[in-house]
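Working notes, beginning with the structure itself.
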Amino acid sequence: MPATAATREATLAARALSKRFGNRTALRDVSFELYPGELVAIIGPNGAGKTTLLSILAGIQAPSSGEVSSPVGRKVGWVPQQPAVYSKLSVAENLRLFARLEKLSDPEQAVERMLDQTELRERSGDEVGRLSGGNQQRVNVAVGLLGEPAALLLDEPTSSLDPRQRERLWGFIAALAGRGTTVAYATHNVVEAERYADRVLVLADGELLFSGTPAEFERAVGGRGRDFEAAFVRFLDEHGH
Amino acid sequence: MRWLLVKDLQILRRSPLLVALLVIYPVTLALIIGFALSSPPGKPKVAFLTQVPKGHGRIHFGSQNINLSSYTKQLFESIQPIVVHSRAQAIADVRSGRSLAALIVPSDIPEQIQNLVTTGVGSPTVQLILNTKDPVERQFADQAIEARLNEVDQAVSKQVLRVAVVDLQQVLSGGSIQFFGQSFQLLGLRDSRALLRRVIAALPARSPLRAELGRVVGFADLAIQGLAFANPVLGSIGTPLTVDQTELSGRTTPTATYAVTIAVIFSLMLVTLLLAAGMLALEREEHAFARLVRGLVSPGALLAEKAVLAGGCAAAAAILMAAGVSTFVPLDWSRFPLWVVALAAAGIAFGALGVAIGGLAREVRAASLLAFMLSLPVAFVALVPAASVSGGVKSLLDAVAFVFPFKPALDAANNAFSATAPAIGWPLVHLVGLAIVFGGVARLAVRRLAE
């Protein structure tokens, strides 16, 4: 269930974020807040600035101006688009390595927890390179969750998965949000945003054009029974993108 | 850093082909070099045709004989002769590769030498036929045979000089000589002069012959003085120049040891660069770099881990290689701790260069290619002898060699292996300096990797 500013403290807050690469502006004056248990989709066409925004939220890149804030001690997990794990190591070895690098107090316990949570126990001894794309992505997500972060940021998490694998992954992510983890994911698949997100942030050419529920977004673009993807394209056209 | 090292070692353990190449390559190189250095080239096979009829190989010189067949035997000690019986057969042998060269001694060589030693005119000539297909083999055969023929040439010259000196001595002092099997007593200039003086003393005081014979005695005096000088002068012609060699920098490294040092350092460089550049680029290819440097590991620690891993593994392989080669070529085992220090320092410096390459190239394939392409000119530049290029070019090459770790690594290992090169301290300082510089370059390069 989505939370609101009135009831809970934000897990992550972006204030007036801008990012420039030379003469090109990737983000301009983007502000929003993410709340506990919220599942937020950041949608937009290619080059809209989704990955840049997630990278800044994750602390990989610094903004040119603006700031990202989160309550002290709240960890932010990050899951890059491509599985950022070692294909020559087994599932358990990858989890153990990152648990040790995270300096967790009990790495073995964290590994066991993630094997159960991602339902990868049976494949724990298999090299990641031998797993299916879906399972590799689950290991990727599991690494992002090792430190039990308050917020998890996922960049295009289902882009390389088949429909069955997507369904399983969304089930897993929804369960995370259900346990109170803030989840924000970037996607250009507007159907996934409509189906799984509690809130949608629409980015185009680095500008935040909209923030609201999928239903509110459909109403904002007319809401005359069109499907969500058509509404999205129309919305971008109307805003000159 | 510890867990990253463990992780990389696990990855290497699961890449058996890569590890096998990294181990087999230096070991094979070591064995090849060791075998080559411990097996000097054998006698070259040379087709040999003498057209001198049997029994006609003697040269008469004054009262002495020179037998050419004894010099042929000397020549055969240096070559592996394949005796042929015609010029066509000699050429066919060389063409087919059965012989590296053919040496043809013409039938009139005794007359040519005889003419030279009696009249001083002429240039006795033997014919050498070489196969020009392979320039390296051609040079080897050419040098080997030419060197042997020069030895024979010198031996004949010395023999002629010896005969000349003996004959001059007899002209001066007289003695017994053999001529056509008979023994003759030669009077000699000194005895002739003494005889003439006695004859002059016996002549009447007013005899006109006194003055005439006095002139002959004067001539004999001059001739005796002149020939007394001729003796040592002729003797000196055989060895006109003696080289008195002085080493200014103490002992020099034996050639074989230096060759081993080059092989070890080249292997160390190649393995380290490939491993460091490849392992860093792999972090990006596995998309893990950004995840790692997002608070888990600092970029500096990550680079240091790659440099230590690559340099350490390659240094261990280089030590094994040196130990293997030492069964063929003497290396100073009493300086083993310095082997470790020199190779470890070299490994770290090459490791730093490797991570700089890995950071710049970003992809494993591009990083490997760049590492390989850089290795060859870096080694070449450091190995160009000073005397083989002009001063300006040498200064330029020295400057280039200075900014890469190959030259200081070679100097450090050279000292460690044989104690004959200059002190090891400066090369070690140089290597540490280069490690810091390339580490800085790598640090700048990997800033882009996280983007």
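Could you list the trypsin sites (Lys or Arg not before Pro) in segment A:151-241 that lie in coil according to DSSP, counting only those with at most 11 other Cβ atoms within 10 Å of their Cβ?
Values: sites: A:ARG164, A:ARG166, A:ARG168, A:ARG179, A:ARG195, A:ARG199, A:ARG219, A:ARG224, A:ARG226, A:ARG234; in loops: A:ARG179, A:ARG224, A:ARG226.
Here the sparse-neighbourhood loop sites are A:ARG179, A:ARG224.
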### Query
Along the Cα-to-C-beta direction of A:SER132, a point sits 7 Å from the Cα; which residues of segment A:146-184 have their amide N less than 12 Å from that point?
A:161-169
### Message
Can you tally the net charge around B:ARG198? Count Lys and Arg as +1, Asp and Glu as -1, for every other residue whose Cβ sits under 15 Å from the Cβ of B:ARG198.
### Response
+3
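Considering every residue in B:159-169, what mean count of other chain Cβ atoms within 10 Å of its Cβ is obtained?
Average per residue, whole number: 0.
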### Message
Contact order normalised by length for chain A, with contacts defined as Cα pairs under 8 Å and 6 or more residues apart; what percent is it?
### Response
27
### Task
Would you calculate the separation in nanometres between label points at B:HIS85 and B:ASN65, each defined as 7 Å from the Cα along the Cα-to-beta-carbon direction?
2.7
### Query
Amide H to amide H under 5 Å from A:PHE210: which residues, 5+ apart in sequence or cross-chain, H placed 1.01 Å off N in plane?
A:VAL202
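Give, in nm to one decimal, the length gained when the segment between B:LEU203 and B:LYS158 is fully stretched (0.36 nm per residue of separation minus the Cα-Cα distance).
Details: separation 45, 0.36 × 45 = 16.20 nm, distance 4.59 nm.
The B:LEU203-B:LYS158 span can extend by a further 11.6 nm.
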### Message
Could you tell me the center-to-center distance, by alpha carbons, between segment B:118-176 and segment B:387-401 in angstrom?
### Response
40
### Task
Sticking with the crude label model, points 7 Å out along Cα→Cβ, report the distance from B:GLN185 to B:GLU77 in nm, one decimal please.
4.1
## Note on the structure
Neighbour-count ranking for B:ARG294, B:ARG95 (other C-beta within 10 angstrom, fewest to most) reads B:ARG95, B:ARG294
### Task
Rounded to whole Hz and in sequence order, give me ³J(HN,Hα) for segment A:16-33 from the Karplus expression 6.51 cos²θ - 1.76 cosθ + 1.60, θ = phi - 60°, writing x for Gly and Pro.
6, 6, 9, 9, 10, 10, x, 8, 8, 9, 8, 9, 9, 6, 9, 9, 5, 10
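To the nearest 500 deg cm²/dmol, what mean residue ellipticity at 222 nm is calculated for chain B from DSSP H runs of n ≥ 4 alone, each contributing -39,500 (n - 2.57), summed and divided by the residues? Intermediate results must be reported in sequence, preceding the final value.
Details: 16 runs with 306 residues, N = 451.
It comes out at -23000 deg cm²/dmol, rounded to the nearest 500.
May I ask you to derive the FRET efficiency for B:VAL393 and B:ALA316 from their Cβ-Cβ distance with R0 = 35 Å, giving the value to the nearest 0.05? Intermediate results must be reported in sequence, preceding the final value.
Details: r = 37 Å, r/R0 = 1.06.
The formula returns an efficiency of 0.40 here.
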#### Entry: Cut-off 19 Å, label 7 Å out along Cα→Cβ of B:TRP426, residues of segment B:372-400 by amide N
B:382-387, B:394-400
### Task
Could you name the aspartates and glutamates whose alpha carbon sits less than 13 Å from that of B:LYS45, not counting residues in the same chain fewer than 8 places away?
B:GLU77, B:ASP93, B:GLU137, B:ASP142
### Query
If you place +1 on the Cβ of every Lys and Arg, -1 on the Cβ of every Asp and Glu, and leave all else neutral, what size is the dipole of the protein assembly as shown about its Cα centre, to the nearest 20 Debye?
2080
### Message
Take A:VAL191 and B:LEU18, extend 7 Å from each Cα along the Cα→Cβ direction, and tell me the distance between the two endpoints in nm.
### Response
3.9
### Summary
Taking Cα atoms, the helix B:336-361 axis meets the longest principal axis of chain B at an angle in degrees (rounded to 10) of 60
### Summary
For segment A:106-188, whose charge dipole is built from +1 on Lys and Arg Cβ atoms and -1 on Asp and Glu Cβ atoms, the candidate among A:PRO107, A:GLY178, A:ALA150 with its Cα farthest towards the positive end is A:GLY178
### Query
Under 13 Å Cα-Cα from A:LYS88, which aspartates and glutamates qualify once same-chain neighbours fewer than 8 residues away are excluded?
A:ASP126, A:GLU127, B:ASP8, B:GLU283, B:GLU285, B:GLU286
## Note on the structure
So, over other residues within a Cβ distance under 12 Å of B:ILE357, counting Lys, Arg +1 and Asp, Glu -1, the net charge is +1
### Query
Whole-Hz Karplus ³J(HN,Hα) for segment A:142-155, in order, using 6.51 cos²θ - 1.76 cosθ + 1.60 and θ = phi - 60°, x for Gly and Pro?
4, 4, x, 9, 4, x, 6, x, 6, 10, 10, 10, 10, 9
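Between A:ASN23 and A:ARG121, how high is the FRET efficiency from 1/(1 + (r/R0)^6) when r is the Cβ-Cβ distance and R₀ = 56 Å? Nearest 0.05.
Working: r = 51 Å, r/R0 = 0.90.
Between A:ASN23 and A:ARG121 the formula returns 0.65.
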### Query
Can you sort A:LYS103, B:LYS43 by how many other beta carbons sit within 10 Å, fewest first?
A:LYS103, B:LYS43
### Task
Could you state the angle between the C-alpha long axis of helix B:68-78 and the longest principal axis of the C-alpha atoms of chain B, as a value from 0 to 90 degrees rounded to the nearest 10?
10
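Quick check on the exposure proxy: order B:ILE357, B:ILE113, B:ILE348 from fewest to most C-beta atoms within 10 angstrom. Each step should come with its number before you reach the end.
On the way: B:ILE357 28, B:ILE113 18, B:ILE348 25.
Ascending Cβ contact count within 10 Å gives the list B:ILE113, B:ILE348, B:ILE357.
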### Task
Take peptide A:93-102, look around each residue's Cβ out to 10 angstrom, count Cβ atoms belonging to other protein chains, and average those counts.
4
### Query
Averaged over peptide A:81-92, how many Cβ atoms belonging to another chain are found within 10 Å of each residue's Cβ?
4
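Given A:LYS19/A:LYS50; A:LYS50/A:LYS75; B:LYS43/B:LYS158; B:LYS43/B:LYS73, which pairs have Cα atoms separated by over 23 Å? Display every interim value, and only then the final one.
Working: A:LYS19/A:LYS50 12 Å; A:LYS50/A:LYS75 21 Å; B:LYS43/B:LYS158 25 Å; B:LYS43/B:LYS73 14 Å.
Correct reply: B:LYS43/B:LYS158.
If the chain between B:LEU383 and B:ASP332 were fully stretched, how many nm would it gain, using 0.36 nm times the residue separation less the Cα-Cα distance? Intermediate values should be presented prior to the final figure.
Numbers: separation 51, 0.36 × 51 = 18.36 nm, distance 2.28 nm.
Net length gain for the segment: 16.1 nm.
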### Query
Using a Förster distance of 41 Å, how high is the FRET efficiency between B:VAL340 and B:ARG138, based on the Cβ-Cβ distance and rounded to 0.05?
0.40
### Query
Between B:ALA211 and B:LEU376, 0.36 nm times their residue separation minus their Cα-Cα distance comes to what?
50.8 nm
### Message
With just the Cα atoms defining each centre, how far is segment B:282-310 from segment A:32-87? Give it in Å.
### Response
21
### Query
When the label point is put 7 Å from the Cα of A:HIS241 along its Cα-to-beta-carbon vector, which residues of segment A:26-48 have a backbone N closer than 14 Å?
A:26-31, A:41-48
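Every read-out reported here was derived from the displayed coordinates using simple, explicitly stated rules and does not represent laboratory data. Keep in mind it's a predicted model, so treat the numbers as computed, not measured. Backbone-built Cβ (ideal geometry, glycine too); neighbour counts: all protein chains shown.
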